[in-house]
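Have a look at the structure below, then the notes.
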Amino acid sequence: MALAPNTPAPATGLTTTAAPFIEEARAHREIYIHQPYELYSDDNQATWGRLIGRMQDRWGRYGNRRYLEGLDKLQLSPARIPHLEDINRFLQPLTGFCARAVTGYVPSYLFLDCLRRREFPTTVTIRDSAHLEYLPEPDIFHDVAGHVPMHTDPAFAEALVRFGACAAAAARRVAATADQHEKLRRLTSNIRAMSRFFWFSVEFGLMRASPGARDGDLKVYGSGLLSSFGEISHAIEAPEVERRPFEIERVVNQPFEIDHYQPLLFIVDSFDHLFALVGELEAWLVAGKLDDVAGGEPEVKEADLASFLAAKHD
Ligand SMILES: [Fe+2]
């Protein structure tokens, strides 16, 4: 059927910087959406192919073994952007996790609560073909090729769920704090601590290649590194990067910046170790040991605070 003369052409393209479908959903304050697959342009599809294609060697060389197994299990193809439904058909039987399409930024309590329910908020837009390397916000390549393969691993999946439980503990604790000023002060510090922990593990974590591996024998499991053509090798090879054992006290007080390669990274021994560390994080939080972490990055947004204050907790 021909369009009437004044009917606007359907909005096409799901490029991070230009996606009318997403802009409209955001204007309606929608967070959870479906993946409007028919809107991907040929240029979007070609970008996906280039992003996947150029990472193959680097993933093989620097990626954690569990990540590589996850890539196989999900059968990601450079030929086309995946349908989240297809991803979930492979993923859900393995760990109960699923990828759930979102419009972009999700306030931090809602994000972490999704993890508790084994849902991973997943961006469906893809970066501009002219800017393959750096992108401050997530896109489907970062989320689906960087994060989701890790969710096929049961030990890693449990660590994410435990992270969500930690956020729930923070929400309960803050609800029990009567003084309004103290409530916001504590919550700001708690959110900053959790964001730093998440950043230096789930996003930029390194792991020993095997339990008894030499100090320098490291692999990448953090999704920010796994989705960066330049930084994945820099994280492992560059002599100027400081690589330290993961210590909670150090990590929760360590500011980070998102607009350049990370000068400092933290190493865990295994995903069981990561799971134990998240448990320790929660214990620290409940004991009030995350109420006064060092100031600095990241900034805690109003929407993040509001999401914790509005949390329906059990
Ligand atoms: Fe991420």
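The values are calculated or read from the model by the stated rules, or taken from the named source; none is laboratory data. Remember, predicted model here, so these are calculated numbers, not experimental data. FYI the Cβ positions are ideal-geometry reconstructions off the backbone, even for glycines, and counts take in every protein chain you see.
Give me the pairs: first residue in the range 285-303 and touching a residue at least 12 places away in the same chain (Cβ under 8 Å), second residue among the β-branched types (Val, Ile, Thr) and surrounded by 13 or more Cβ atoms within 10 Å (Cβ to Cβ), beta-carbon distance under 7 Å, and six or more apart or on different chains, which are they?
Matching pairs, first to second residue: LEU290/VAL252; VAL293/VAL252; VAL300/THR188; VAL300/ILE191.
Please work out if ARG173 is more than 16 Å from the ligand (Cβ to nearest atom), touching a residue at least 24 places away in the same chain (Cβ under 8 Å) and surrounded by fewer than 23 Cβ atoms within 10 Å (Cβ to Cβ).
Answer is yes for this residue.
For the subset of the range 107-147 comprising residues that are within 13 Å of the ligand (Cβ to nearest atom) and at pLDDT below 95, which member is surrounded by the fewest Cβ atoms within 10 Å (Cβ to Cβ)?
Result: PRO136.
Take ASP217 and tell me if it is more than 16 Å from the ligand (Cβ to nearest atom), free of Cβ contacts under 8 Å to residues at least 40 places away in the same chain, charged (D, E, K, R) and over 30 Å from ALA18 (Cα atoms).
When the stated conditions are applied, ASP217 passes them.
State all residues of the range 187-203 that are without any contact (Cβ under 8 Å) to a residue 40 or more places away in the chain and either of a type in the set (Asp, Glu) or away from the ligand (no atom under 12 Å from the Cβ) (or both); if no residue qualifies, say none. Walk me through how you get there before you give the answer.
Initially, the range 187-203 is screened for residues without any contact (Cβ under 8 Å) to a residue 40 or more places away in the chain, giving 198, 203.
The answer is GLU203, and nothing else.
Could you tell me how many of the residues in the range 89-106 are touching a strand residue (DSSP E or B) at 6+ places or on another chain (Cβ under 7 Å) and crowded, with 17+ Cβ neighbours inside 10 Å? Full working, then the answer.
The initial filter retains those residues of the range 89-106 that are touching a strand residue (DSSP E or B) at 6+ places or on another chain (Cβ under 7 Å), namely 91-92, 97-102, 104, 106.
Now drop any that are not crowded, with 17+ Cβ neighbours inside 10 Å, which leaves 91, 97-102, 104, 106.
Final tally of qualifying residues: 9.
Yes or no, residue by residue, for (1) over 13 Å from the mean Cα position of the chain (by Cα); (2) closer than 29 Å to ALA168 by Cβ; (3) free of Cβ contacts under 8 Å to residues at least 40 places away in the same chain:
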| residue | (1), (2), (3) |
| --- | --- |
| MET55 | yes, no, no |
| GLY63 | yes, no, no |
| ARG66 | yes, yes, no |
| CYS98 | yes, yes, yes |
| THR103 | yes, yes, no |
| TYR109 | yes, yes, no |
| LEU115 | no, yes, no |
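Pairs needed: first member in the range 142-166, at positive phi; second member anywhere, assigned to a loop (DSSP other than H, G, I, E, B); C-beta distance under 6 Å; at least 6 residues apart or different chains.
From the range 142-166, no pairs qualify.
Name every residue in the range 5-35 that is exposed (fewer than 12 other Cβ atoms within 10 Å of the Cβ), of a type in the set (A, V, I, L, M) and at pLDDT 50 or above, in order of residue number.
Matches in the range 5-35: ALA27 only.
Which of the helices (runs of 4 or more DSSP H) contained wholly in the range 37-99 include at least 1 residues that are farther than 19 Å from THR152 by Cα? Can you show your working first?
Details: elements: 42-62, 65-74, 84-95.
Answer list for the range 37-99: 42-62.
Please determine whether any residue of the range 221-238 is of a type outside the set (Val, Ile, Thr), more than 16 Å from the ligand (Cβ to nearest atom) and buried (at least 20 other Cβ atoms within 10 Å of the Cβ).
The answer is no, given that none of the residues of the range 221-238 is of a type outside the set (Val, Ile, Thr), more than 16 Å from the ligand (Cβ to nearest atom) and buried (at least 20 other Cβ atoms within 10 Å of the Cβ).
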